[in-house]
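The values are calculated or read from the model by the stated rules, or taken from the named source; none is laboratory data. Source: prediction; values computed, not measured. Heads up, the Cβs are rebuilt from the backbone with ideal geometry, glycines too, and the neighbour counts pull from every protein chain shown. Keep in mind that these areas ignore ligands, DNA and RNA; they rest on the heavy atoms of the full protein, side chains included. Shrake-Rupley method; radii C 1.70, N 1.55, O 1.52, S 1.80 Å.
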Amino acid sequence: MPVQRLNHAVLFVRDVDRSAAFYRDVLGFRVKTEMPGRAVFLQAEGSTNDHDLGLFAVGPQAGPSGAGRSTVGLYHLAWEVDTLAELARIRGALADAGALAGASDHATTKALYAQDPDGIEFEVSWLLPADLITPDVQALGATTRPLDLDAEIARYGAQTRGGIGVSVPV
């Protein structure tokens, strides 16, 4: 059987308590297991995984990642939300935390980009339901435009569930 989906990610961070607080307070993850000061395992609010994110402390002496600049490595993780209303809520939380780095419209994906306290980039996105992918949207392909979240909410509805075959308001 082929790979189905990403089950979890594990990150090395300088301060596990600071990073856990960020993912908990800003993105709504909950702590499932922790080894104080050393490691924490977090679960996304709507997840049934044992954990979705593991954080391991490496200490304050750790330098910044060179991935993408001087070394190969992971570019970013992407977390999916169900509705554009949730994407808008998270945009506010990221902005309040000083973590929001950008917002892009990739035609079939509406994406926010942010950085955690260690500068690790991640994405939070809403996926256009398959039944709403029209030929004009499909023709945009892999384009990237600035995201006008208010316009997308007006177009698709704040409560339309994304990432599923048929769009259904929640």
Taking every DSSP bridge whose two residues both lie in region 1-91, the antiparallel percent to the nearest 5 is 60 percent
To the nearest Å², the heavy-atom accessible area per residue of the chain with 1.4 Å probe amounts to 56 Å²
Counting only DSSP loop positions in region 16-88, the GluC sites (Glu not before Pro) whose Cβ has at most 13 other Cβ atoms within 10 Å are GLU45
Pseudo-spin-label distance ALA67 to ALA93, built 7 Å along Cα→Cβ, given in nm, is 2.2 nm
Of all DSSP beta bridges having both residues in the chain, the percent classed as antiparallel (nearest 5) is 70 percent
Across 10 Å bins beginning at 0, the whole-percent shares of Cα-Cα pair distances in the chain come to 9, 34, 35, 18, 4, 0
Here Rg/Rh (Cα, Kirkwood) for region 1-75 equals 1.02
Taking only the alpha-carbon positions of region 35-85 as identical scatterers, the Debye log10 I(q)/I(0) at q = 0.15, 0.26 Å⁻¹ comes out as -0.68, -1.06
